[in-house]
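Here is the structure we will look at, set down as structure tokens.
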Amino acid sequence: MSRLELLDMPLEVVTNIFRFVPGQDQKSLALTSSAVLNIVAPWLYRTARLFYDEPEKGEALGGLPRLSDVEYFVSSAPYPLAYAKCLSLERNESSVSNIPKRRSWISKKEETELTETADKAIELILKQFKTGQLERIKLGHQTTYKIFKIICEDQKRLRSLDLGEFKPGGHRSTIPNHLLTPGLLVLESLEICSIDERVTCLTNFVKILHQNSATLRRLRMGDPTHPKKPRLTASSWARRPRSKTKLPFTSIHFQALEQISIVHDHFSERFWDTFQDVVYCGDKLSHIRISCFTDPYVLVQRLVARGADGVKSIQINNCRRRGHGIFQSPPHNQIPRIKSLETLQLQMCTHEEGEFQAAYIGRATLKRLWLQCSMNCDPKTCRSMSGLLDYTTNVSLSTDQWPVLEELAIGAPQWKNSGPSSVENWLELPMLKSLKILRLLQWQTSTQQQKSLQTVEKIQQRIETYVTLLYCWSMIAYESLPSLRIIVVDTEIGTGCPGTGIHAPLYFVIYHFYDPAQPEQSNSPFVLHENYETTLKICKEIGCSSYLLQFGPQAPESFWDGQNSYDSRS
């Protein structure tokens, strides 16, 4: 019998084999023969990328697609582009580290010329693709009315669209109404970085949302490179526009929306006024993340008004409430009761009593909980978190009222180097049988931290004291071992020089070994200081997410769940 070679097998079999080959290996296979190239081409050329540079120092114009990229797309053979399903215009990463600021005195004429030149370049690139060929378009720099009109007319099979910065692109340019009718596009994912504050631009974007409301599954609004605080100040709220945007519809019902991410409130005051009044979500909404937003509770209540039973994750980060005057009623400051809530992250700049009542109400179903007052005050005295570290209350983290809580982030005890309180504060940490990962957040000011810089040895001793007490408590209360395996401590470690320290999370892993010679000590825990790689491996073994293991503040679009399947970059 003659030897059966790979390409002698049926084409569908070979195609399925090559489909799972890594990208670099697909490139190598494509060089072997034209037959293999035809097989791997649909995956090898599935994405067409262009890049743009930030404006050089002293230049007014910038952000245009590279001329060499445009010339390549226009003059290249149609063979590789025929397989492309995704078009991406991205910023050149080599210039990210040293990005100069654009001149603040750029004239309106220069800005118009820049926009028109960019539109011409992108229009030439879009014309290289067949009608209905693309499934995903990412315009990382900007999108104008003209470009969106071309997309609507030529790429009606589009499923994912990133508008970047949405701009009018000229005083007379507009989107015809027949291109904004529902059903013309059937987007499943829509992203936008920022939006021009002109009324026509705001109105058109709301119409785009209405056009795709029946099919959208993922919606992201806001710049990922957001500031640490909302940009709308108290004086900005006082200058709110009197008249709202007039729309031909009264509501937008997102029937299929599964996740919504709002990074900050620097779109426009008028836009958020309109959006909060007309938006509704169906029962498929499961993930809500709002970062750097002013007064987010009104928006959350509107989102879950018709589909609260399906929401599994709510994350509110670095948000603050809008102040109210003497003659104004205070805004509502609670999240409605949600029966299916599994993940809750609240980082609020507030000291209102009952601000975090959503955690207490949903404690029977919560698996992941992050509570932190943005003022970084003592969690035992903060009114927002009152009762969590008080063993006399029924919501204490030492009771069985939290039956499924596995991942918890909460303020750390007060750091003291000596005295009885250095141990007593550690004895007030959560005593939960189900807890697997505990992250202790810093709440002290930088001045206090510098006065009491810790060492790994001192922190490990206190961790061991807490773990020993936890095991004793669990054996007495539950007659079984606790599930805690990982403790992450946010602190500053002394470097030996006065006034200096390194801020980084420390990872401590709990082990327990069985010794046949000493069965009475088989349940004794051992606490070891481990590196990130080892801790991540243990985290996967116990079936938890790696969200609490990350360095520094969490990414503004990073969803927190058990499988990490809702990463914004996927």
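The values are calculated or read from the model by the stated rules, or taken from the named source; none is laboratory data. It should be emphasised that the depicted structure is a prediction, and the values quoted were computed from it without experimental measurement. Don't worry about glycine lacking a Cβ; one is built from the backbone with ideal geometry, like all the others, and counts go over all protein chains shown.
Annotations for the structure displayed:
- Residue match in region 403-410 (condition: modelled with pLDDT under 85 and either exposed (fewer than 15 other Cβ atoms within 10 Å of the Cβ) or in contact with a strand residue (DSSP E or B) (Cβ under 9 Å, 6 or more places away or on another chain) (or both)): no
- Selection within region 34-49 - surrounded by 16 or more Cβ atoms within 10 Å (Cβ to Cβ), of a type in the set (Gly, Ala, Ser) and part of a helix (DSSP H, G or I): Ala41
- Among the residues examined, Glu12 does not qualify as of a type outside the set (Ser, Thr, Tyr), at pLDDT below 70 and more than 19 Å from Lys85 (Cα to Cα).
- The strands (runs of 3 or more DSSP E) located wholly in region 423-531 that include 1 or more residues which are under 23 Å from Thr381 (Cβ atoms) and at pLDDT 80 or above occupy 437-441, 486-494.
- Looking only at region 270-299, and only at residues there that are part of a helix (DSSP H, G or I) and of a type in the set (A, V, I, L, M, F, W, C), the one that is surrounded by the fewest Cβ atoms within 10 Å (Cβ to Cβ): Val298
- Of all residue pairs spaced 6 or more apart or on separate chains, those with beta-carbon atoms under 6 Å, a first member in region 115-138 that is without any contact (Cβ under 8 Å) to a residue 60 or more places away in the chain and closer than 13 Å to Gln155 by Cβ and a second member that is in a loop (DSSP other than H, G, I, E, B) and of a type in the set (S, T, N, Q) are Leu134/Gln155.
- Exactly one residue out of Glu116, Glu71 is modelled with pLDDT of 75 or more, more than 21 Å from Lys146 (Cβ to Cβ) and part of a helix (DSSP H, G or I), and it is Glu71.
- Residue within region 341-349 that is part of a loop (DSSP other than H, G, I, E, B), at pLDDT 85 or above, within 22 Å of the chain's Cα centre (by Cα) and more than 25 Å from Leu481 (Cβ to Cβ) present: yes
- Taken over region 127-182, the residue count meeting the criterion of being assigned to a helix (DSSP H, G or I), aliphatic (A, V, I, L, M) and within 30 Å of the chain's Cα centre (by Cα) is 3.
- Sole residue being part of a loop (DSSP other than H, G, I, E, B), closer than 24 Å to Arg320 by Cβ and at pLDDT below 85, chosen from Leu232, Leu247: Leu232
- Test: residue in region 137-146 that is of a type in the set (A, V, I, L, M, F, W, C), within 25 Å of Leu81 (Cβ to Cβ), at pLDDT 90 or above and surrounded by fewer than 21 Cβ atoms within 10 Å (Cβ to Cβ): no
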